[in-house]
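The values are calculated or read from the model by the stated rules, or taken from the named source; none is laboratory data. Nothing here was measured: the structure is a model prediction, and the numbers come from that model. In this analysis, Cβ positions are derived from the backbone assuming ideal geometry, glycine residues included, and neighbour counts consider all displayed protein chains. The accessibility values were calculated without ligands, DNA or RNA, using every heavy atom of the protein model including side chains. Shrake-Rupley method; radii C 1.70, N 1.55, O 1.52, S 1.80 Å.
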Amino acid sequence: MGNGFREFTEPLSPGTTVILCTDGLIERRHESLDDGLRRLSEASRADLSPERRCDQLIGELVGEASDDDVALLVFEVAPEDEDAFRLNVRSELGQLAVLRRRLERWLGKRDADRNLVYDVLAASGEAAANAIEHAYDPSGGVVHVSAEENADAMTVTVRDFGRWRAPRAPHRGRGIPLMQALAGSVEIDGSEHGTSVHLRWDLGVDRDPS
């Protein structure tokens, strides 16, 4: 009898993109499969819709010399609750662009004025950048970002699951003052299990839409 296959279940959080493909998309002669998977991972970093991602991956990874059939399926797990924002990103600086686009899209659905949008994006980006730089060693980790809006306030929480280290350069370490200047309030909760940064903007009737 041949080798069997193990079956397992992996929970997918809202906003997760899944890419399924045949080996014809990534396999090349005289090259290990790991190299092909690495190439697929690098080509998948852009924040695109499933339809555009299919076109992009086919365009980048299928060369004229390909002699194998290619099948590709891309799907995205839709948010369960559009009133709340949830996103997990890898602790890589390149993921800040993904966070910004996803959060900006969510804020657009909330009809937030542009001044608030700027402050939320900038402060959240600083919090996430701090987590990426200080919380993890080179092996990396995950940064979780959530946001909610109610009648009184807009809140964003950026959470890591590592242990913070000192700034790598003397000119760094300005993220917290920037967040305090951009947000109505900033609260930081740290423990051996990680750090959470809570950002809040009070929403009054006098919000300036200009």
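Note that the chain presents 65 Å² accessible area per residue, ligands and nucleic acids not counted, probe 1.4 Å. Shape index of segment 84-202: Rg/Rh, with Rg the Cα radius of gyration and Rh the Kirkwood radius from the inverse mean 1/r over Cα pairs, equals 0.95. Summing Cβ point charges (Lys, Arg +1; Asp, Glu -1) relative to the Cα centre of segment 84-202 gives a dipole of roughly 460 debye. Just to confirm the number: angle between the C-alpha axis of helix 33-43 and the first principal axis of the chain, 0 to 90 degrees, nearest 10? The angle comes out at about 40 degrees. Annotation: amide H of S185 within the under-5 Å range of R200, sequence separation 5 or more or interchain, hydrogens built in the peptide plane. Name the longest site-free stretch of the chain, where the excluded sites are chymotrypsin sites (Phe, Trp or Tyr not before Pro) in a DSSP loop with no more than 12 other beta-carbon atoms within 10 Å. Value returned for the longest uninterrupted segment is 9-210.
Relative to the longest principal axis of the C-alpha atoms of the chain, give the angle of the C-alpha long axis of helix 95-109, reported between 0 and 90° and rounded to the nearest 10°. Its long axis makes an angle of about 60 degrees. Once the C-beta distance of L73 and S146 is scaled by a Förster radius of 35 Å, the resulting FRET efficiency is 0.75 to the nearest 0.05. Think of the chain as a dipole: +1 on every Lys or Arg Cβ, -1 on every Asp or Glu Cβ, centred on the Cα centre; then among F85, G108, A153, A153 lies furthest on the positive end. Relative to the current alpha-carbon distance between C54 and A181, full extension at 0.36 nm per residue lengthens the span by 41.6 nm.
Pull out the extension gain between L37 and H198, defined as 0.36 nm times the separation in residues minus the alpha carbon to alpha carbon distance; nm, one decimal.
54.3 nm
Among the protein heavy atoms of segment 17-76, carbon and sulfur supply 49% of the accessible surface, probe 1.4 Å, non-protein parts ignored.
When you work out D = kT/(6 pi eta Rh) for segment 17-76 at 10 °C and 1.306 mPa s, using the Kirkwood radius from C-alpha pairs as Rh and the Stokes-Einstein form, the result is 135 µm²/s. Carbon-plus-sulfur accessible fraction, segment 84-202 (probe radius 1.4 Å, protein heavy atoms only): 49%.
To the nearest 10 degrees, how steep is helix 114-134 against the longest Cα principal axis of the chain, on a 0 to 90 scale? So the helix axis and the longest Cα principal axis differ by about 60 degrees.
For the Cα trace of the chain, dividing Rg by the Kirkwood Rh returns an Rg/Rh value of 1.04. Hey, with R₀ at 25 Å, roughly what FRET efficiency would A153 and A97 work out to, going by the Cβ-Cβ distance, to 0.05? Taking R0 as 25 Å, the efficiency between A153 and A97 is 0.40.
Between T16 and Y118, the simple spin-label model (points 7 angstrom out along Cα→Cβ) gives 3.7 nm. Applying 1/(1 + (r/R0)^6) with r as the Cβ-Cβ distance of R45 and K109 and R0 = 30 angstrom yields a FRET efficiency of 0.80.
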